[in-house]
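Okay, structure first, notes after.
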Amino acid sequence: MAQLEVDAGALWQRFAARFSKRDLLEGAIVAVAFLLYFGVRGAVIDRPEAAYRHALDIIKAQRSLGFFWEDDLNAWIKDRWFWAQAMNLSYFYLHFPLIIVFGIWLYYFRREKYTLTRDAFLASGAIALVVYWLYPVAPPRALPELAQQFDPNAPSYVYSFVDTLHEKLGYAYDTQSTRAFVNPYAAMPSLHFGWDLLLGLGIIWAFWPFGRGPTREHPEGVRSPWWFWVAVTVGIALPVLQIFAITMTANHYLLDAVAGGGVAVLGIAVALVLQRWGYPLAREWLRRVPLPGGRRLLVPADALPERARSARWR
């Protein structure tokens with residue numbers, strides 16, 4: 001038994017040695033974000049009728065603007081197995097799994113661009129959480145069931161939506177295994193589009209700069225490497241593809257995508273404000289607080305603008 005305890009302790013020390021304090025901080029940030037999400041989820045789960053009425057308001061607004069096409073898009077794809085699966089896979093895998101992979105890669109290989117990108121995601125997510133709490137919206141796929149409960153005179157198009165992820169991919173949001181992790185009334189804004197927009201911009205920025213003008217060594221300038229243009233192509237394709245995925249699979253409305261894009265832009269603005277003013281002020285304040293190593297842990301160097309980093313806060 002003593003030998004097992006020694007071995008377990010040695011294994012833990014070897015495991016913990018692989019992670020820095022900054023790694024632990026990033027894990028704590030993600031944990032807090034998930035706790036906030038679950039708190040908001042619990043606040044809106046018991047408001048299905050309000051979510052249904054809000055969804056009808058969005059449809060009404062789109063119809064008045066002349067671009068309520070979601071029912072036709074969903075009807076077109078539901079009987080076309082290949083395209084339905086393509087949109088299902090795009091919706092499911094080209095979002096959160098890809099964001100996690102890109103975030104880990106950015107953290108280890110483009111650390112100077114990681115914090116701003118992370119803050120843009122977290123800030124946009126925080127803004128979206130407030131909207132979810134104040135204005136829950138049922139996605140199109142949930143309308144047939146909700147209409148049966150709350151609206152016996154619902155228009156016919158409400159009953160036409162089909163959940164293609166459930167029908168074709170076998171994935172359902174209301175299963176016992178996923179229910180605890182999904183907010184069923186988080187259609188507006190669409191973080192599927194907003195975060196894929198941030199993901200695309202982040203991929204492009206990760207490989208910036210893409211070229212240089214004329215110099216003494218290179219009078220004709222330096223052309224952009226081929227892999228940068230691959231990054232640009234991927235960065236543009238991801239949010240564009242996600243617009244089709246979220247609507248064709250009956251998970252969002254087009255106005256949700258518009259709102260998701262707005263939330264993403266606001267997230268970028270918040271991240272820039274934090275880097276330009278927030279983190280330098282926090283670091284200056286922490287400099288006066290007797291916390292050994294606290295400044296480095298709470299305000300990492302890559303969170304500061306280059307000018308602030310060069311000053312070294314003497």
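Taken together, the values in this text are just the output of simple stated rules run on the coordinates, not laboratory data. Computed from a prediction, not measured in an experiment: that's the story for all the values here. We place every Cβ from the backbone using ideal geometry, glycine too, and count neighbours over all the protein chains shown.
Worth pointing out:
- Length gained on full extension, residue 65 to residue 244: 62.5 nm, using 0.36 nm per residue less the C-alpha separation.
- When each of the peptides 105-114, 129-138 is scored by the mean number of other C-beta atoms lying within 10 Å of its residues, the order from highest to lowest reads 129-138, 105-114.
- For region 257-264, 3J(HN,Hα) per residue [Karplus equation, 6.51 cos²θ - 1.76 cosθ + 1.60, θ = phi - 60°, Hz, x = Gly/Pro]: 5, 4, 5, x, x, x, 5, 5
- Burial order of peptide ranges 26-36, 66-76 (average beta-carbon count within 10 Å, highest first): 66-76, 26-36
- Between residue 72 and residue 49, the modelled labels are 3.4 nm apart [label points 7 Å from Cα along Cα→Cβ].
- Distance from region 225-290 to region 54-125 (C-alpha centre basis), Å: 12 Å
- Potential lengthening between residue 159 and residue 208 on full extension [0.36 nm per residue; Cα-Cα distance subtracted]: 12.9 nm
- In order along region 80-92, the Karplus-derived 3J(HN,Hα) couplings, from 6.51 cos²θ - 1.76 cosθ + 1.60 at θ = phi - 60°, round to 10, 4, 4, 5, 4, 5, 4, 6, 4, 5, 5, 5, 7 Hz, and Gly and Pro are given as x.
- Annotation: amide H-H contacts under 5 Å for residue 186 (H modelled 1.01 Å from N, sequence separation of 5 or more, or interchain): 137.
- Evaluating 6.51 cos²θ - 1.76 cosθ + 1.60 at θ = phi - 60° for every residue in region 48-63, the Karplus couplings come out as x, 5, 4, 4, 5, 4, 5, 4, 5, 5, 5, 4, 4, 5, 5, 5 Hz, glycine and proline recorded as x.
- Rounded to the nearest 20, the size of the Cβ-charge dipole of region 48-94 about its Cα centre is 40 debye, with Lys and Arg at +1 and Asp and Glu at -1.
- Positive-end extreme of charge dipole, region 53-179 - chosen from 87, 147, 69 (charges on Cβ): 87
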